[in-house]
Amino acid sequence: MDYWIWSLLVVTLTYAITSIYRQLSYFSRWGIPHPREMPIVGAIYALFFPRRHINDFIKYIYDFNPDAKYVGAHIFTKPTIFIRDLDLVKTVLVKHFDHFADRKTFVDEKADPLFGRNLNFLNGDRWKEIRTILSPAFTSSKMKTMYVLMSKCAENFTDEFLKKYGDAEAVDMKGAIGKYTNDTIASCAFGIEVDSMKDPNNEFYLQAKEINFKGVTLLKIQLEMIFPTLTRKFGMRIVSKKVTDFFVNAIATTMSVREEQGIFRPDMLQLMMEARSKMDKEAAERFDLLEMTAQAFLFFLAGFDASSNQFCIIAHELAANPDIQSRLQAEVDDLMQKCDNKPTYDALNHMPYMDAVISESLRRHPIAFLNRLCSKEFELPPAVPDSKPYTMKPGDGLMIPVAGIHMDPNLYPNPERFDPDRFIDKKIAISDVTNLGFGLGPRMCIGNRFAILSMKSLLVQLLSRCNLVPCSKTCIPLEYCKNIFAPTPKNGFWLRIEPRTESR
């Protein structure tokens, strides 16, 4: 008996040592530069020792070998290629998109349908089908009609915001702006009118607050990414059944009322209803109530969390850079004067300095990375001279290190500085491949126009009526909270609001 036990231990130990060796030597065998790694966790250990924000971790990988076209790193046990070369970035995201059309998904759509069935997590033909259905919702003409709803939300929000916080010494901007983005998405995606500044206890806003990307929710996401098979087996879900049922019922009720009463509204739900009515029976069955709700829910998530966070970053940078704020206010005042204090969609699209401020905020505080999965075998050129080409196979993962590209001093001199003039004076060559705030190629963010218009609508209202000023709680310079995925100050977004006595 002892013989068999010892034999089993030797075999197990040999297998473990061999597996660890193969992992740690994988990129060396291909001649691909790679940072130091640890068994099982790979390069991820560098996210925790020392503790880093995800953007800083991605930049650490990007900076490992400045001369390489790409570097390798294991994300736990999965070998992943991080593309550095800009031509290669464009090759992957645009020229040979058909080889890298999919994203890594980890959500079980049966257990978690609002996450698993939305556009962001779909792949293959289903992604193409849903993208085709949704794309018309974000054309210029559709944005112009949605702007009517959006501007109303921005004006109502600003009225109540200044009443409540005009004399406050410190304002939690994330909490406040979340009410605006909640109302905008509720109106433009779900067709539901709410005013969360006046009534923070409305059911839509209460359900929205149930969803966040920190604490237990963040832990669930991390577990699903690391142990997808195990979490699927136990039916783990990120969005609770209560929240799922609320959003499904909201869509079902609104659709029923519109169909019964012949109501038309220029929003995303209306477009999905019209698209479904033109489908054949088989396609309509696929694009069912749950699938429609999942798409509306995606834009709710993007607006309530990502867009509100980006707006708060802009507000923070304006408060920290009063000269930039004054210059932007001058542009806003000029627009308000020309439009008789009723900014139009066309006028908002002719604000070059505001465009530059938004672009610089996305450069300085971007999403950390874009991830793609190889779906067809593809040969990458050698990572460095005298190494060999690397063949990616279906299922292999790669990342575009956006945080590294955006903070590369060779692309953006003095990258730590918040400088909107980068996007105006043309002193440096900024292209779509160095400006990846919304991604690039067929899989770039479908709602980028909506997000920008939403931010512009509120910026015009706020800056025409108040100044954004640092307070005792404002984190300058901005230091990211390492426990939150999005770029967020470690103590939150806090500012003081100073009502303007007159236009400048």
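The values are calculated or read from the model by the stated rules, or taken from the named source; none is laboratory data. None of the values given here were measured: they were computed from a predicted structure. Here the Cβ positions follow ideal geometry from the backbone for every residue, glycine too, while neighbour counts run over all protein chains shown.
Quick look at the values:
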{"read-out": "Among the candidates Tyr412, Tyr480, residue that is surrounded by 16 or more Cβ atoms within 10 Å (Cβ to Cβ) and without any contact (Cβ under 8 Å) to a residue 60 or more places away in the chain", "value": "Tyr412"}
{"read-out": "Inter-residue pairs, beta-carbon under 6 Å, first among the hydroxyl-bearing types (Ser, Thr, Tyr) and in region 31-54, second surrounded by fewer than 16 Cβ atoms within 10 Å (Cβ to Cβ), 6+ apart", "value": "Tyr45/Met38"}
{"read-out": "Test: residue in region 137-154 that is touching a Pro at 6+ places or on another chain (Cβ under 8 Å) and closer than 25 Å to Glu377 by Cα", "value": "no"}
{"read-out": "Filter result for Gly395 (at positive phi and either in contact with a helix residue (DSSP H, G or I) (Cβ under 8 Å, 6 or more places away or on another chain) or without any contact (Cβ under 8 Å) to a residue 24 or more places away in the chain (or both))", "value": "yes"}
{"read-out": "Extreme residue, surrounded by the fewest Cβ atoms within 10 Å (Cβ to Cβ), among residues of region 195-212 that are among the aliphatic types (A, V, I, L, M) and in a helix (DSSP H, G or I)", "value": "Leu206"}
{"read-out": "Matching residues, region 336-352, being within 21 Å of Glu317 (Cα to Cα) and surrounded by fewer than 18 Cβ atoms within 10 Å (Cβ to Cβ)", "value": "Pro352"}
{"read-out": "All positions within region 158-194 that are surrounded by fewer than 22 Cβ atoms within 10 Å (Cβ to Cβ), among the charged types (D, E, K, R) and within 16 Å of Lys209 (Cβ to Cβ)", "value": "Asp172, Lys174"}
{"read-out": "Among residues of region 283-301, those that are buried (at least 22 other Cβ atoms within 10 Å of the Cβ) and among the small types (Gly, Ala, Ser), counted", "value": "2"}
{"read-out": "Those helices (runs of 4 or more DSSP H) lying entirely in region 28-144 with at least 2 residues over 22 Å from the mean Cα position of the chain (by Cα) and closer than 29 Å to Asp432 by Cβ", "value": "86-90"}
{"read-out": "Test set (1) in contact with a Ser or Thr (Cβ under 7 Å, 6 or more places away or on another chain); (2) under 29 Å from Ile446 (Cβ atoms) - Ala368 fails condition number", "value": "(1)"}
{"read-out": "Where a residue in region 196-225 is under 17 Å from Ala302 (Cβ atoms) and its partner, wherever it lies, is modelled with pLDDT under 75 and not β-branched (Val, Ile, Thr), with Cβ under 8 Å and at least six apart", "value": "Ile221/Phe213"}
{"read-out": "Arg417 being charged (D, E, K, R), crowded, with 22+ Cβ neighbours inside 10 Å and modelled with pLDDT of 95 or more", "value": "no"}
{"read-out": "Search result, residues across region 474-504 that are at pLDDT 95 or above and among the charged types (D, E, K, R)", "value": "Arg496, Glu498"}
{"read-out": "Sole exception among (1) more than 30 Å from Ala186 (Cβ to Cβ); (2) touching a helix residue (DSSP H, G or I) at 6+ places or on another chain (Cβ under 9 Å); (3) modelled with pLDDT of 95 or more; (4) surrounded by fewer than 16 Cβ atoms within 10 Å (Cβ to Cβ) for Arg422, by number", "value": "(4)"}
{"read-out": "Members of region 39-96 found to be modelled with pLDDT of 90 or more and among the hydroxyl-bearing types (Ser, Thr, Tyr), listed by number", "value": "Tyr60, Tyr62, Tyr70, Thr80, Thr91"}
{"read-out": "Restricting region 108-136 to residues that are more than 11 Å from Ala294 (Cβ to Cβ) and modelled with pLDDT under 90, the residue that is surrounded by the most Cβ atoms within 10 Å (Cβ to Cβ)", "value": "Asp108"}
{"read-out": "Filter pass, Leu9 being at pLDDT below 90 and either closer than 30 Å to Leu88 by Cα or surrounded by 19 or more Cβ atoms within 10 Å (Cβ to Cβ) (or both)", "value": "no"}
{"read-out": "Which listed residue, of Pro389, Pro381, is more than 17 Å from Asn321 (Cα to Cα), without any contact (Cβ under 8 Å) to a residue 24 or more places away in the chain and either among the β-branched types (Val, Ile, Thr) or surrounded by fewer than 22 Cβ atoms within 10 Å (Cβ to Cβ) (or both)", "value": "Pro389"}
{"read-out": "Failed item, numbered, when Arg237 is tested on (1) over 27 Å from Val148 (Cβ atoms); (2) modelled with pLDDT of 90 or more", "value": "(2)"}
{"read-out": "Residue pairs meeting the criteria (Cβ under 7 Å; at least 6 apart or on separate chains; first closer than 19 Å to Asn202 by Cβ and part of a helix (DSSP H, G or I), in region 231-252; second among the small types (Gly, Ala, Ser) and at pLDDT 80 or above)", "value": "Ile251/Ala296"}
{"read-out": "Selection from region 460-486 of residues that are part of a strand (DSSP E or B) and in contact with a Ser or Thr (Cβ under 7 Å, 6 or more places away or on another chain)", "value": "Tyr480"}
{"read-out": "Residue that is of a type in the set (A, V, I, L, M), at pLDDT 95 or above, crowded, with 16+ Cβ neighbours inside 10 Å and in contact with a His (Cβ under 6 Å, 6 or more places away or on another chain), where the choices are Ile313, Ile358, Ile324", "value": "Ile313"}
{"read-out": "Restricting region 487-499 to residues that are assigned to a loop (DSSP other than H, G, I, E, B) and touching a strand residue (DSSP E or B) at 6+ places or on another chain (Cβ under 9 Å), the residue that is nearest to Arg363 (Cα to Cα)", "value": "Pro487"}
{"read-out": "Some residue of region 31-41 being buried (at least 21 other Cβ atoms within 10 Å of the Cβ) and in contact with a Pro (Cβ under 7 Å, 6 or more places away or on another chain)", "value": "no"}
